[in-house]
Every structure is written in C-alpha cells, then in structure tokens.
Amino acid sequence: RGDQTEETDALYVNALITSVNGGVNVIDTSSNYRYGNAELCVGRALRHLLGDGVGVGAARNTAQRRRQYHRSEIFISSKAGSMATRDLKQRAVQKGAVKQDFWSHHACFAPACIEASIDISLERMQIETIDLLYLHNIAEQMSASSSLPGEITRALQRAFEHLESERQRGRIRYYGLATFSKSFRVLPEESGALN
C-alpha cells in the first residue's frame, strides 16, 4: 500500500528499522507487494540494519542506529507465483516459461516462474537466501482460472520439486503455501478438497 514515491519508501524503510530495533525479527514481504517496491524497501532496511546504512535516507538519525545485526537474527519470508510486474514476467520467459504456464494474466507457479521470482527477490533485497518462500495463493489462482483439482496437485508437485532444488542450492531455507483456500482445510472426502 501507499504511493509509489521515495517519501513512501522512506516511511516503509523507517518502519522496518524501528520494528527490528524494537524486537521484531520476522519480515514478511512478496515479490508483488507494492509492485516490487516492498522488497526494495526491505533490502534498504537490511543494508542499514546489517551495517551498510548507505542510501537509507531518513533512517540515518542516531535513534535508528541502536546496533548492527547479523543476518541470521532477521527472518525474511517472501512469496512467489504472482507475476504482477514486468520484470518478473520477462525473467520468467527468459527462464523458459510459456504462455500455458500462466493461469491468469499474472499467476504462474511453473518452475521457470518460481526461479525468476526467487532471482528478483534476492536481487531486490540484496540477500543470498530467503528464509521462507511461500507459493502465493496457488489454490485461489488456479480456482480463478477454473483448473481442476488434479491440475493443482500436479502443479504443486512440480513446484515443490523445484523449491526443493532451490533449497538444496541455498537460495531458500524453507518453503510452503500462503493460501486462504478451503481446499486445504477440508476432509479428503468433502467437496473441493485437494488430495
């Protein structure tokens, strides 16, 4: 949320720095929040908190410089699957995503799209590893494109296989789903359940 301005970005960066200095150690973002600016703000805040501090703007005041943190003290989660920005879509296509991989105008959970999303998230936040990467609303996105439960299951299998390879490469530590779909909260015999 908020305007796509440097002033709004500075407010986000300051809020993150103040939160971490106040004891918060989990930062949750997404490749599509604020059209990528949220991850850029997380990166700016992390540079400040981890010792660089360059380019943080309003966060340079002494109240914000309580101490330098180690990266392991701050848990970063992000999300993949929503290809809402041009750079994400372009990177996914460069990595081999095809039109059929996109379930709607901006949802893609194919390995090429997940890899592109991780690439861009790491670049924006200027980190080497995302602690937890969620697939963002996979059931909701597939339901919106009227996919069958079997398609969702196959897509999840391919996505998890790719996420496991990303974990082995050290680019993510953990992975999971961020979803509000009832498909994952009903008994297997109930309508709409994924099995």
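Derivation of every value follows stated rules applied to the coordinates shown; laboratory data play no part. Note that this is a predicted model, so its numbers are computed, not measured. Methodologically, a virtual Cβ is constructed for each residue, glycine included, from the backbone with ideal geometry; neighbour enumeration extends over all protein chains shown.
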Cα-only radius of gyration and Dmax that characterise region 3-45, units Å: 10.0, 28
Amide proton proximity set for Tyr175, modelled H, under 5 Å, gap of 5+: Leu133
Gained length - Glu151 relative to His70, 0.36 nm times residue gap less alpha-carbon distance: 25.0 nm
Label-point gap, in nm, between Arg167 and Asp3 - each point 7 angstrom along Cα→Cβ: 4.3 nm
Loop-located GluC sites (Glu not before Pro) in region 95-136 whose Cβ has at most 16 other Cβ within 10 Å (DSSP): Glu128
Separation in nanometres of the label points that stand 7 Å from Cα toward Cβ, at Glu123 and Lys99: 2.6 nm
